[in-house]
Amino acid sequence: MLPITHKEISLQRKVPVHSPILCARLDHLDIDTEAFIEHFTDSFKSMDWDYYDVKRKQYELLLAHAVEIPFEKFKNYYTGSSIDAKDFLSSLTDDESLLQECLEIKPWRRRSVCSFEMQVKPHTLSRIYPQAFKQAVDGADIRSLPRNFSQTDSQLIDSALFQSFVMRIGEEAQKVTPHIDIKKMRLTAHFMSVKARQLVPGNNSPEGAHEDGADFIVSALVINRDNITGAKSQVLEKLADGSLVTLFERELQPGEFLFQADTGEEKHYGNDLWHFVTPFYVDDPTQESWRDIIGLDVEIVEPKA
């Protein structure tokens with residue numbers, strides 16, 4: 001029964017969990033769940049496809065076939081939009097079968113982003129331009145390359161419903177950080193719509209269990225689950241030996257969200273939390289299958305955590 005926090009998880013698992021976790025519904029934030037879902041439910045259909053996913057899969061496929069790929073050359077293809085895929089891939093391999101397999105990789109994720117700056121005293125929220133996204137991995141890793149996504153339509157996010165959600169999550173971050181007198185935060189929302197196909201499960205975490213690099217995250221606020229089975233959101237702990245154990249998992253339903261500490265929290269709370277969502281599958285093969293979510297990254301800007 002929701003809400004569930006790290007305190008309930010500690011009791012259930014009989015091991016101490018001190019790093020913040022909250023699984024709840026929008027109603028628990030005093031936000032009208034039905035009105036929120038109605039406002040966003042059709043918005044994902046018009047968002048742009050994420051072709052970074054396609055290029056990453058092409059890269060992995062070529063490497064699996066022992067194709068030599070100059071990293072700087074691929075970087076220009078990955079981060080640019082004007083390079084023709086067939087021309088570029090043909091410059092790397094003359095294997096027509098492999099080339100065709102690369103070109104047949106379809107995008108499976110639609111997305112857009114928006115960022116806000118939140119002043120704490122008094123509480124104000126203003127939209128800012130989001131930074132490029134990249135993961136904190138080795139510079140020779142494709143995940144280190146910057147990605148820039150389409151901006152979320154202002155008509156969607158100027159609503160009082162959405163701004164209330166962003167503010168409430170910012171307040172939740174304040175509530176669980178009594179050791180920091182927060183003055184300013186940056187909050188970035190990721191709108192993501194992931195498609196499952198009959199032979200290809202929907203996958204919102206192709207990189208596996210990970211951290212996003214923020215102080216706190218909402219790994220998912222689910223808006224739609226259309227014709228799918230699966231997609232369990234998980235909170236994991238990375239132990240001293242490097243292994244990961246699942247602390248909590250739930251198949252989030254529309255209107256439910258999962259908030260947790262994300263990066264560096266082990267220094268303040270003791271538990272190194274990671275997150276993951278399991279793949280999901282087509283239920284009725286005669287219908288399309290989608291999972292639509294809003295994720296949120298919360299970064300403490302002033303003072304730095």
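The values are calculated or read from the model by the stated rules, or taken from the named source; none is laboratory data. These figures come from a predicted structure and were not determined experimentally. Glycine also receives a Cβ, built like all others from the backbone with ideal geometry; neighbour counts cover every protein chain displayed.
For region 211-229, the count of residues that are buried (at least 16 other Cβ atoms within 10 Å of the Cβ), touching a helix residue (DSSP H, G or I) at 6+ places or on another chain (Cβ under 8 Å) and assigned to a loop (DSSP other than H, G, I, E, B) is at least one.
Do we find a residue being in contact with an Asp or Glu (Cβ under 8 Å, 6 or more places away or on another chain) and surrounded by fewer than 16 Cβ atoms within 10 Å (Cβ to Cβ) anywhere in region 150-161?
Taking region 150-161 as the starting set, the residues that turn out to be in contact with an Asp or Glu (Cβ under 8 Å, 6 or more places away or on another chain) are 150, 161.
Still in the list and also surrounded by fewer than 16 Cβ atoms within 10 Å (Cβ to Cβ): 150.
Checked region 150-161: at least one residue is in contact with an Asp or Glu (Cβ under 8 Å, 6 or more places away or on another chain) and surrounded by fewer than 16 Cβ atoms within 10 Å (Cβ to Cβ).
Taking the criterion of being in contact with a Lys or Arg (Cβ under 9 Å, 6 or more places away or on another chain) and on the phi > 0 side of the Ramachandran plot, the only residue of region 1-39 that qualifies is 30.
Take residue 127 and tell me if it is surrounded by fewer than 18 Cβ atoms within 10 Å (Cβ to Cβ) and under 30 Å from residue 162 (Cβ atoms). Show your work before the answer.
Values: surrounded by fewer than 18 Cβ atoms within 10 Å (Cβ to Cβ): yes; under 30 Å from residue 162 (Cβ atoms): yes.
So residue 127 passes the test.
In the set 234, 260, only one residue is closer than 18 Å to residue 6 by Cα, within 14 Å of the chain's Cα centre (by Cα) and free of Cβ contacts under 8 Å to residues at least 60 places away in the same chain; that residue is 234.
Among the candidates 63, 11, which residue alone is more than 26 Å from residue 203 (Cα to Cα), of a type in the set (A, V, I, L, M, F, W, C) and either loosely packed, with under 14 Cβ neighbours inside 10 Å or assigned by TED's automatic domain parsing to the domain that holds residue 131 (or both)? Break it down into steps so the answer makes sense when it comes.
Numbers: 63 fails: more than 26 Å from residue 203 (Cα to Cα).
When all the criteria are applied, what remains is 11.
Working only within region 1-33, note down all residues that are among the charged types (D, E, K, R) and not in a strand (DSSP E or B). Give the derivation first.
Going through region 1-33, the residues among the charged types (D, E, K, R) turn out to be 7-8, 13-14, 25, 27, 30, 32.
Residues satisfying the conditions are 7, 8, 13, 14, 27, 30, 32.
For region 15-30, the condition of being at pLDDT below 95 and of a type outside the set (D, E, K, R) holds for at least one residue.
Matching residues to (1) farther than 28 Å from residue 304 by Cα; (2) among the β-branched types (Val, Ile, Thr):
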{"residue": "232", "(1), (2)": "yes, no"}
{"residue": "235", "(1), (2)": "no, yes"}
{"residue": "242", "(1), (2)": "no, no"}
{"residue": "256", "(1), (2)": "yes, no"}
{"residue": "263", "(1), (2)": "no, yes"}
{"residue": "267", "(1), (2)": "no, no"}
{"residue": "273", "(1), (2)": "no, no"}
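Taking the criterion of being part of a helix (DSSP H, G or I), free of Cβ contacts under 8 Å to residues at least 12 places away in the same chain and among the hydroxyl-bearing types (Ser, Thr, Tyr), the residues of region 73-112 that qualify are 90, 97. Restricting to region 85-117, name every residue that is more than 16 Å from the chain's Cα centre (by Cα) and hydrophobic (A, V, I, L, M, F, W, C). Within region 85-117, 85, 88, 89, 92, 98, 99, 102, 103, 105, 116 qualify. Note on region 66-115: among residues that are in contact with a Pro (Cβ under 7 Å, 6 or more places away or on another chain) and not hydrophobic (A, V, I, L, M, F, W, C), the one that is surrounded by the most Cβ atoms within 10 Å (Cβ to Cβ) is 115. Consider region 267-280. How many of its residues are out of contact with any Lys or Arg (no Cβ under 8 Å at 6 or more places or on another chain) and outside any strand (DSSP E or B)? Residues that pass the stated criteria total 6.
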